[in-house]
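As structure tokens, the structure follows; a few thoughts come after it.
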Amino acid sequence: GDDADPPPGAPAAAAYESHSDGIVGTLEDLLDKAKDQLDVARTKETTSRHNFEMLEQSLKDEVKNAEKEMGETKKALAASSDAKASAEGDLQVTTKGLKEDIATKESLHRECMERSQDFEAE
């Protein structure tokens, strides 16, 4: 027989080598795919984090502006309330003065009428 032939039942070494190369190649492909997926995931995460931070800053700015507006509105409301109270006070004083003036006019009118009647009677 031929001395180069492997013993019967023993697989050829080349078959193992070829088979292990296939497994290593498959594992390397899987590793490359995993690295690519990780890169994509990291990019998405970075983008998401950036978008979140932008949204968060935008909301903080909106809250800050709303609080500033509310403060200004409260000051304006307080000033309006003070002006209203002052105007109401002025109105009361004016109304009281008007009533007194009307009473004085009526009193003077009565006096004039009485004197006129007295004068006519003489």
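The values are calculated or read from the model by the stated rules, or taken from the named source; none is laboratory data. Everything quoted here is computed from the prediction, not taken from an experiment. For neighbour counting, all protein chains shown are included, and Cβ atoms are generated from backbone atoms with ideal geometry for every residue, glycine included. With ligands, DNA and RNA removed, areas are computed over all heavy atoms of the protein, side chains included. Shrake-Rupley method; radii C 1.70, N 1.55, O 1.52, S 1.80 Å.
Observations, loosely collected:
- Accessible area of the chain belonging to carbon and sulfur atoms, whole % at 1.4 Å probe: 57
- Size-normalised alpha-carbon gyration radius of the range 71-113, reference 2.2 N^0.38 Å: 2.01
- Ordered from highest to lowest accessible area with the whole protein assembly present and a 1.4 Å probe, VAL24, VAL93 read as VAL93, VAL24.
- P(r) weight above 25 Å for the chain, C-alpha pairs, percent: 75
- At R0 = 35 Å, FRET efficiency that the Cβ-Cβ distance of GLU67 and THR95 yields, to 0.05: 0.25
- Summed residue charge, Cβ within 13 Å of LEU59's Cβ, Lys/Arg positive, Asp/Glu negative: -3
- Taking a Cβ cut-off of under 12 Å around VAL93, the surrounding Lys, Arg, Asp and Glu residues balance to a net charge of -1, with basic ones at +1 and acidic ones at -1.
- Surface per residue (accessible, 1.4 Å probe) for the chain, Å²: 93
- Net charge dipole, the chain: roughly 800 debye, given to the nearest 20, about the Cα centre with Cβ charges of +1 for Lys and Arg and -1 for Asp and Glu.
- Accessible area per residue (1.4 Å probe, heavy atoms of protein chains only) ranks PHE52, PHE119 as PHE119, PHE52, with the largest value leading.
- Cα long-axis angle, helix 13-121 against the chain (0 to 90 degrees, to the nearest 10): 0
- Available extension along the chain between LYS84 and HIS50 is 7.2 nm, counting 0.36 nm per residue and deducting the alpha carbon span.
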